[in-house]
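The values are calculated or read from the model by the stated rules, or taken from the named source; none is laboratory data. Just so you know, these numbers come straight off a predicted model, no measurement behind them. When we count neighbours, we look across all protein chains shown, and the Cβ atoms used for this are built from the backbone with ideal geometry, even at glycine. We work out accessible area using only protein heavy atoms, side chains counted, and drop any ligands, DNA or RNA first. Shrake-Rupley method; radii C 1.70, N 1.55, O 1.52, S 1.80 Å.
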Amino acid sequence: LILMLLNVSLSFSEVSKIQFSSNDNSLKFVSSKYVSQSQTYQGKLIKVRAYEKIIYVKHPVDSNKQVINIYIPEEYFVGESINGFNTNTAPIFFPNHIGGYMSADPAKFMVTEQSTPNSMNNRTVLYALSKGYIVASAGARGRLTKDLDGHNIGKAPAAIVDLKAAIRYLKFNDQIMPGDANKIISNGTSAGGAISSLLGASGNHPDFGPYLTALGAANASDDIFAVSAYCPIINLENADMAYEWQLSNIHTFDFRGKKGDLNNEELGVSQDLKKMFPPYLNQLSLKNVNGDLLTLDSNGNGNFKEIVKAFIVKSAQKAVDSGSDLTHYSFLNIVHNKVMFVDFDGYMQYIGRMKTPPAFDALTSSSFENNLFGNETVNSRHFTNYSFTHSKEINPQIADKLQINMMNPMHYIGNSNAKVAKNWRIRHGAKDRDTGFAIPLMLSMLLQNKGYTVDFAMPWDKPHSGDYDLDELFHWMDNLCK
Ligand code: DHB
């Protein structure tokens, strides 16, 4: 009421100043509000101060999910160091648990059930803390989130807006909180890998400003130091073409429990989409390390395809070097433990196809991604012209260009209004069929071409999954931070 009365007599700028200062006060990190937690991990007692379920915006629209958990090693409160880090220098590891573009809870330190071999347990959190990283993990809204009136409030770009708000909270509190908020390293898998890469690509970009202001995000920047992304499901508006470029010769699918053969119509769609990929790839003007332009001809062949093959060969070689016998795979040519080349089509037969064409923008608007690109009142929409014009919906709708762009890191890399993370580690399992290999590769090449440091690999035999190589991941992070 007081604000409403003030509103009458103050100019707009004065009112917004008042809102800003109250906003900033309430988002202050309170160091005394913690509980002590401890558990043994790999023979070492890990003792933390746990700051849980802190609402990271002034005006939450979902106070169950717009929360952050922060875990700080007890050592940092008594002047000790871990792994060469101390209370001032400890990097902040920022894992998210987003999957399927659904809402997510923040990661937790104490998890009662036994660890399972996926990224949704707390193994990564424990590992990070054991190496002296502060762990901050934020929840986020997802494509099914609704408010009490039944309106959708988690469609794109809600998840990225939420994680950016959480980053702003950490940077806003950098002086009071242990750790170095200039060393935030984001981590996620699949849709979570997508949002992780988007965080790294779109730092401080004004597209997100109005959304962050509406939530009352802390008055701070949201660019980050480094990105770890496993099998990021990104570049959604171009992913259908990339999928068919790779898998058009594979005519059976195995999609979330449903198996079958592509029908004639789907085979036709596959051919259409396959033909659309080379023009898209060519206009990106990506270059290899020698500065040669990467291209594909109208049949989909060219040096870009050779790079994809080279990454598969490199992956197989690493497996051979660490003792795996791959000689029984007829698609690999191996001479004296050297992987000489891979037969692309043979390899695709081996890994198989998961999704039916179009893999992402389904003609019936029935995919996760269609659902992601809904709006407050429409649940699912198209996001490519191809699927919009070929839609099987009675009243097809297509998402706004800006909404689509705001979910695509490719759109922000090289954009002068975005502060892009300097360091990137991207992993995409060599057996992952959830999106085409070209997708993470184009991201890596674009980043590299724009001067960012990228470590990209396709680990052998790994399906759609993440956090399977924590020793290597944290070795990479240690090198960046020391
Ligand atoms: C995820 C997997 C998919 O195949 C997809 O299309 C979107 C998200 C996931 O695992 O998060």
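Annotations
- Cα gyration tensor category, rounded, prolate or oblate, for segment 190-245 with a/c compared to 1.5: prolate
- Using the Cβ of ALA418 as centre and a radius below 10 Å, the other residues enclosed give a net charge of -1, where K and R count +1 and D and E count -1.
- In sequence order, segment 98-111 has phi-based couplings of 6, x, x, 6, 8, 5, 9, 8, x, 5, 10, 7, 8, 10 Hz under the Karplus curve 6.51 cos²θ - 1.76 cosθ + 1.60, θ = phi - 60°, and Gly or Pro positions carry x.
- Across LYS108/LYS482; LYS65/LYS422; LYS318/LYS355; LYS131/LYS318; LYS171/LYS401; LYS422/LYS482, pairs whose alpha-carbon gap is larger than 21 Å: LYS108/LYS482; LYS65/LYS422; LYS318/LYS355; LYS131/LYS318; LYS171/LYS401
- Based on protein heavy atoms only, the chain ends up with 43 Å² per residue of surface accessible to a 1.4 Å probe.
- Pairwise centroid distance, computed over Cα atoms, of segment 321-352 with segment 265-287, Å: 27
- Panel note: the C-alpha atoms of segment 291-399, placed on their principal axes, show extents of 60, 31, 22 Å (largest first).
- The overall shape of segment 356-437 is oblate: from the C-alpha gyration tensor, with semi-axes ordered a ≥ b ≥ c, the ratio a/c is 1.5 or greater and a/b is no larger than b/c.
- Counted by Cβ distance under 13 Å from LEU199, the other residues give a net charge of +1, where Lys and Arg count +1 and Asp and Glu count -1.
- Across the chain, the convex hull enclosing all Cα atoms gives 171 Å³ per residue.
- Whole-percent carbon and sulfur share, accessible surface of the chain, 1.4 Å: 51
- When the square roots of the Cα gyration tensor eigenvalues are ordered a ≥ b ≥ c, the ratio a/c for segment 390-482 is 1.5 or more and a/b does not exceed b/c, which makes its shape oblate.
- For segment 266-338: Kirkwood Rh in Å [reciprocal of mean 1/r, alpha carbons]: 14.5
- Among the listed pairs LYS164/LYS275; LYS33/LYS419; LYS33/LYS183, those whose Cα-Cα separation exceeds 27 Å are LYS164/LYS275; LYS33/LYS419.
- Sequence of ARG256, ARG168, ARG123 from largest to smallest accessible area, 1.4 Å probe: ARG256, ARG123, ARG168
- Gyration tensor over alpha-carbon atoms, segment 27-156, equivalent ellipsoid semi-axes in Å: 29, 17, 11
- Every helix of 4 or more DSSP H residues in the chain counts as -39500 (n - 2.57), and over all residues that averages to -10000 deg cm²/dmol at 222 nm.
- Of the residues ASP162, ASP149, ASP400, the one with the largest accessible area comes first in the ranking ASP149, ASP400, ASP162, computed with a 1.4 Å probe on protein heavy atoms.
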